[in-house]
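A.B. asks: Can you keep this structure in mind? I'll have questions shortly.
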Amino acid sequence: MSTPDLRKSDSTTSSPVPAPSPVDAPARTRAGTLVLGRLRALGGPLAGLILLVILLSVLSPYFLRAQNLSNIISQVSDIGIMAAGATLVILVGGIDLSVAAVLALTMMFSAWLFANVHLPWGLSMILGLAMGALIGLINGILTTYGRVQAFVATLATMSAASGFTLFITDGNTINGFPSWFDKFFNLKPGGIPLVGILLVVVYLVIGFWLKYRPGGRALYAIGGNEEVARLSGLPVKWSKTRVYMIAGALAAVAGWIDIAQLDSAAPTAGTGYLLNVIAVVVIGGASLAGGVGTMGGTFIGLLIIGVLNNGLSLLHVNSNLQPVVVGIVILAAVLSDRGGIRARGA
Amino acid sequence: MADLGSTAGRALVCSDVTKDYAGIVVLRGVSFDVPAGGVVGLIGENGAGKSTLCNIIAGTVPPSSGTMTLDGETYVPSNPHDALTQGVALIHQEIRMVPSLTVAENIFLGRLPMKGGRVDRRRMNDEAGDVLRGLGIGLDPRRQVVGLSMASQQSIEIAKAISRRPRYVIFDEPSASLTQHETDRVLEQIGRMRSTGVGVIYISHRLDEVQAVCTKIVCLRDGNLVRSWDGDPAVAGGVARVPSGELVSAMVGRDFTFEHHAPAAHTEDVVLQVQGLGRKGAFADVNFTVSRGEILGIAGLVGAGRTEVVRTIAGADRADTGTITLHGAPLTVRRPADAIRAGIVMVPEDRKGQGLNLGLTSAENVVGPWEADMARTAPLITRRMVGRTAAKARQDFDIRGRMDGPVVRLSGGNQQKVLLAKWLVKEPQVLILDEPTRGVDVGAKMAIYEIIRSAAARGVAVIVVSSELEEVLGLSHRVLVMSNGRQRGILPRAQADARTVMELAVPVGSRV
């Protein structure tokens, strides 16, 4: 819509530059405005996280201890890696319900290759990753070329993946993975858990892709208006398919972490993850309508969920009530987001 | 059908109806009346105010000033439902059916007859059957709407309106999507309604229909009622003897305000050649060439297939037949990306739905199609690179407003300039513009004409589709006229006047 006031002021301003804009802003304040701008973009969720941290550090003497913070990161790393993929899917206006089932399937598939086919564990891991990407490819093809709604397509693959997961080992758990594997994933260089570093690296790489590379930037255009994106010559179908593949592959990576942390692969792994993954993305400011969302936002959403669950445990809140709190936080995040701040990396 | 008894003296009367939107007058003091049992044909060019007038009568929008009376009583409909209750029904151009419901259910949607807390299906089907038979429609009321032809669905719309027993019915271009045979049936139904004392307003671009069915014709132009012809109110086609040429003159005969300076001469170096292009159900056998520096206008009425033709060339839709040749080499265009890569770009008519991504900034919209190209020379697309391109676009196209702010915050004219910039920051071979000045103010309009002319002067082959005749005539070297999905001719600038173009554009006599 045209804003009459805006137009009037523009047409009456004799200066060719009506307002200082970052486009032609001088270099002196660039660093400052960038940091500020980015913080402002994250807005509500970040303020909520800071508030939560302050509150918990006052309420519990254990909260700010290094060991506790390290625990939080370890606990959320698998959800966090899946949420990175889910952010991309939601960004293009899709949804991936199969992500937790894919985690379980790739875990059991890798474990089965290792224990029953006697492939080396490293190779089994890679094949599990490929399996995750393959299911993502199926999701992508169904939703783009097949024109099946993402909700329905991934509901179907979720069901199928869950079935296969149980079928592979007849519902049994597999143990006895090489010791280098869980040692590696439980490393803590400089006191920071390796999985936390992996998590941050995944977010940085994807965030960088979304911000600086055409393939990533196109996701905003596609999620914002698919027809405009198509008419602009962007590879809409391939972009969407690729995003589902990334989500599937990342679910497999999260599966590695789960195996390492439990030292076993159980077909029941990932139960209850799906809703947490979506919650993290939504709390992080992404819109299920597509076109809005950032990796920074999702990361903050992840920390909110992680800190919240950890804090509630420290405060001895009944664990059954924790999902209630999560529900309230989701609503609070979405309602505060509607207040005006649209998280959006430019 | 209800017999409304004596028609004597009953009429729907509009007196001095005016409508303006934020100071822009779209209807100026229109007065006319629809006698009971009469059919008034409403004609005029696109944008003449026909739809606005109907929307006012049907209660969709209130008039800014003026009064209406219905059979002698003051008539102030507060909304379409209120209008319906008072006896005025509007039959929309586009069909709004619930395909999964039955014919009868659609007819009685929202007011299903009830008995004992349940839908009285027998009564509903009986009454629907009566209405359908009364209109000569042989449809089973218990059948699902899904799978019925457009004409049948149109008939159900009519039945739906009739079942409310209106005293006056407005048809907004009912024949736009119908074949000749189907249209004849609609006209026949109008005749039956007339005979029971219903007053009808009939809007159509097809003058032959208007002449055949109407007892009176009213012509709107630029929001003014410019002329009306009275026939015998008792005879359908009472105005049949009014010559089509006279109607066309009344529709277009304005003083041209468009600046008529001839465009710069163009070369004979053919850039784009289209041969035998066709798409099923949209258009067929379109042939033309556009040379370097030439502006080819495409004129025609709404629904003539103009947009469909250019969309196909730009890869938005796929052609079923024909070839597209660029610089003498055949070009396969399956998707927009193919056309863009070859240098054929299109500014679509629907700026908000197809042109701009409203969630993004102006700068992001401008660079959107070119990011992959940019990434080939510099691996990272930085805010600075985007900003540089945007700043240049802002200067070149005189975009007033921030490029790094949401594009929605700009005025319509500036949004349109952003859209033009998006497709001109990289010089195209062929620039297609579909309604390039829709919804922009006069100042921006002139600026956009200048952008188009200078693109042509630089050697771009330009195609302009516009419903504004003066725009097409003022800009183009040649004008291609379409009607009913067919190319009716290409007029050189010297021969392209409003009258000649309209005569080709208006389907007169039998249809192709």
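The values are calculated or read from the model by the stated rules, or taken from the named source; none is laboratory data. A quick note: this is a predicted structure, and the numbers were derived from the prediction, not measured. When we count neighbours, we look across all protein chains shown, and the Cβ atoms used for this are built from the backbone with ideal geometry, even at glycine.
A.B. asks: So, in the stretch A:218-235, how many residues would count as being closer than 21 Å to A:ASN139 by Cα and either crowded, with 22+ Cβ neighbours inside 10 Å or more than 8 Å from every other protein chain (Cβ to nearest Cβ) (or both)?
C.D. replies: 11
A.B. asks: Using the structure shown, decide if A:THR157 is within 14 Å of chain B (Cβ to nearest Cβ), surrounded by 15 or more Cβ atoms within 10 Å (Cβ to Cβ), over 19 Å from the mean Cα position of the chain (by Cα) and modelled with pLDDT of 95 or more.
C.D. replies: No: the conditions fail for A:THR157.
A.B. asks: Also: What number of residues within the stretch A:58-113 satisfy the criterion of being at pLDDT 95 or above and over 30 Å from A:ALA218 (Cβ atoms)?
C.D. replies: The total comes to 8.
A.B. asks: In the stretch A:96-113, is there at least one residue being under 20 Å from A:GLY270 (Cα atoms) and of a type in the set (D, E, K, R)?
C.D. replies: Yes, the conditions are met somewhere in the stretch A:96-113.
A.B. asks: Here's a follow-up. Hey, does the stretch B:318-340 have a residue that's within 29 Å of B:GLY443 (Cα to Cα) and touching a Leu at 6+ places or on another chain (Cβ under 8 Å)?
C.D. replies: The answer is no; no qualifying residue exists.
A.B. asks: Here's a follow-up. In the stretch B:347-397, which residues are in a loop (DSSP other than H, G, I, E, B) and surrounded by fewer than 20 Cβ atoms within 10 Å (Cβ to Cβ)?
C.D. replies: Within the stretch B:347-397, B:ASP350, B:LEU358, B:ALA378, B:PRO379, B:LEU380, B:THR382 meet the criteria.
A.B. asks: Yes or no: the stretch B:208-219 includes at least one residue that is in contact with a helix residue (DSSP H, G or I) (Cβ under 7 Å, 6 or more places away or on another chain), modelled with pLDDT under 85, buried (at least 23 other Cβ atoms within 10 Å of the Cβ) and not in a helix (DSSP H, G or I).
C.D. replies: No, because not a single residue in the stretch B:208-219 is in contact with a helix residue (DSSP H, G or I) (Cβ under 7 Å, 6 or more places away or on another chain), modelled with pLDDT under 85, buried (at least 23 other Cβ atoms within 10 Å of the Cβ) and not in a helix (DSSP H, G or I).
A.B. asks: Among the residues of the stretch A:297-318, is any over 11 Å from the mean Cα position of the chain (by Cα), small (Gly, Ala, Ser) and within 14 Å of chain B (Cβ to nearest Cβ)?
C.D. replies: Checked the stretch A:297-318: no residue is over 11 Å from the mean Cα position of the chain (by Cα), small (Gly, Ala, Ser) and within 14 Å of chain B (Cβ to nearest Cβ).
A.B. asks: Would it be correct to say that B:GLN415 is without any contact (Cβ under 8 Å) to a residue 60 or more places away in the chain and not charged (D, E, K, R)?
C.D. replies: Taking the combined requirement at face value, the residue does not satisfy it.
A.B. asks: Cβ-Cβ below 8 Å, separation at least six or inter-chain, first residue in the stretch B:329-340 and crowded, with 19+ Cβ neighbours inside 10 Å, second of a type in the set (Ser, Thr, Tyr): which pairs?
C.D. replies: Partner pairs satisfying both residue conditions: B:LEU331/B:THR325; B:VAL333/B:THR312; B:PRO336/A:SER232; B:ILE340/A:SER232.
A.B. asks: State which residue is nearest to B:VAL366 (Cα to Cα) when the search covers only the stretch B:398-413 and only residues that are at the interface with chain A (Cβ under 8 Å from one of its Cβ atoms) and part of a loop (DSSP other than H, G, I, E, B).
C.D. replies: It comes out as B:MET403.
A.B. asks: Run B:GLU308 past the list (1) acidic (Asp, Glu); (2) assigned to a loop (DSSP other than H, G, I, E, B); (3) more than 14 Å from chain A (Cβ to nearest Cβ) and report the number of the one that doesn't hold.
C.D. replies: (2)
A.B. asks: Can I ask one more? Would you call B:VAL347 of a type in the set (A, V, I, L, M) and more than 14 Å from chain A (Cβ to nearest Cβ)?
C.D. replies: Judged against the criteria, B:VAL347 is not a match.
A.B. asks: (1) crowded, with 23+ Cβ neighbours inside 10 Å; (2) within 30 Å of B:LEU424 (Cβ to Cβ): which one isn't true of A:LEU199, the others all being true?
C.D. replies: Among (1) crowded, with 23+ Cβ neighbours inside 10 Å; (2) within 30 Å of B:LEU424 (Cβ to Cβ), A:LEU199 violates only (2).
A.B. asks: Among (1) within 14 Å of chain A (Cβ to nearest Cβ); (2) out of contact with any Lys or Arg (no Cβ under 7 Å at 6 or more places or on another chain), which single condition is B:LEU358 missing?
C.D. replies: With respect to (1) within 14 Å of chain A (Cβ to nearest Cβ); (2) out of contact with any Lys or Arg (no Cβ under 7 Å at 6 or more places or on another chain), B:LEU358 is out only on (2).
A.B. asks: Oh, and also: Within the stretch B:250-270, is there a residue that is surrounded by fewer than 22 Cβ atoms within 10 Å (Cβ to Cβ), modelled with pLDDT of 80 or more and over 30 Å from B:GLY459 (Cα atoms)?
C.D. replies: yes
A.B. asks: If I filter the stretch A:182-200 for residues that are more than 14 Å from every other protein chain (Cβ to nearest Cβ), touching an Asp or Glu at 6+ places or on another chain (Cβ under 7 Å), under 17 Å from A:GLY290 (Cα atoms) and not basic (Lys, Arg), do I get at least one hit?
C.D. replies: Scanning the stretch A:182-200 turns up no residue that is more than 14 Å from every other protein chain (Cβ to nearest Cβ), touching an Asp or Glu at 6+ places or on another chain (Cβ under 7 Å), under 17 Å from A:GLY290 (Cα atoms) and not basic (Lys, Arg).
A.B. asks: Among the numbered criteria (1) modelled with pLDDT under 95; (2) of a type in the set (S, T, N, Q); (3) surrounded by 15 or more Cβ atoms within 10 Å (Cβ to Cβ), which single criterion is violated by A:THR298?
C.D. replies: (1)
A.B. asks: Looking at the stretch B:98-112, I want the residues that are over 13 Å from B:ASN125 (Cα atoms) and have a partner that is surrounded by 15 or more Cβ atoms within 10 Å (Cβ to Cβ) with Cβ atoms under 8 Å, at least 6 apart or on another chain. Which pairs are those?
C.D. replies: Note: pairs meeting the criteria are B:VAL98/B:GLU105; B:VAL98/B:ASN106; B:VAL98/B:VAL145; B:PRO99/B:GLN144; B:PRO99/B:VAL145; B:SER100/B:GLN144; B:SER100/B:VAL145.
A.B. asks: Let me ask something else about it. Can you run down the residue pairs with Cβ atoms below 7 Å, 6 or more apart or on separate chains, where the first is in the stretch B:269-283 and under 14 Å from B:VAL333 (Cα atoms) and the partner is of a type in the set (D, E, K, R)?
C.D. replies: As it stands, the answer is B:GLY278/B:ASP285; B:GLY278/B:ASP320; B:ARG279/B:GLU308; B:ARG279/B:ASP317; B:ARG279/B:ASP320, since those pairs meet every condition given.
A.B. asks: How many residues does the stretch A:173-194 contain that are in contact (Cβ under 8 Å) with a residue 40 or more places away in the chain and part of a helix (DSSP H, G or I)?
C.D. replies: Of the residues in that region, 5 qualify.
A.B. asks: Test A:TRP238 against the stated conditions and say whether it is of a type in the set (Phe, Trp, Tyr), surrounded by 22 or more Cβ atoms within 10 Å (Cβ to Cβ) and either within 14 Å of chain B (Cβ to nearest Cβ) or out of contact with any His (no Cβ under 7 Å at 6 or more places or on another chain) (or both).
C.D. replies: Answer is no for this residue.
A.B. asks: Looking at the stretch A:195-210, is at least one residue over 30 Å from B:ILE381 (Cα atoms) and free of Cβ contacts under 8 Å to residues at least 40 places away in the same chain?
C.D. replies: No.
A.B. asks: Could you tell me whether any residue of the stretch A:205-217 is in a helix (DSSP H, G or I), within 30 Å of A:PRO120 (Cβ to Cβ) and within 14 Å of chain B (Cβ to nearest Cβ)?
C.D. replies: yes
A.B. asks: Let me ask something else about it. Here is a check on your reading of the model: is A:VAL243 within 14 Å of chain B (Cβ to nearest Cβ) and either touching a Gly at 6+ places or on another chain (Cβ under 8 Å) or more than 17 Å from A:VAL76 (Cβ to Cβ) (or both)?
C.D. replies: no
A.B. asks: Does B:ALA456 meet the test of being among the hydrophobic types (A, V, I, L, M, F, W, C), crowded, with 17+ Cβ neighbours inside 10 Å and within 13 Å of chain A (Cβ to nearest Cβ)?
C.D. replies: So B:ALA456 does not fit the description; no.
A.B. asks: So which of B:GLY405, B:GLY413, B:GLY443 is over 17 Å from B:PRO369 (Cβ atoms) and at pLDDT 90 or above?
C.D. replies: None of the others qualify; the one that does is B:GLY405.
A.B. asks: Same structure, new question: Do the conditions hold for A:ALA269, that is, is it buried (at least 18 other Cβ atoms within 10 Å of the Cβ) and modelled with pLDDT under 95?
C.D. replies: yes
A.B. asks: Follow-up question, since we're still on this one. Just wondering, is there one or more residues in the stretch B:94-102 that are among the hydroxyl-bearing types (Ser, Thr, Tyr) and over 27 Å from B:CYS14 (Cβ atoms)?
C.D. replies: Scanning the stretch B:94-102 turns up at least one residue that is among the hydroxyl-bearing types (Ser, Thr, Tyr) and over 27 Å from B:CYS14 (Cβ atoms).
A.B. asks: Answer with yes or no whether B:VAL440 is surrounded by fewer than 23 Cβ atoms within 10 Å (Cβ to Cβ) and of a type in the set (Val, Ile, Thr).
C.D. replies: Here the answer is yes, as B:VAL440 does meet what is asked.
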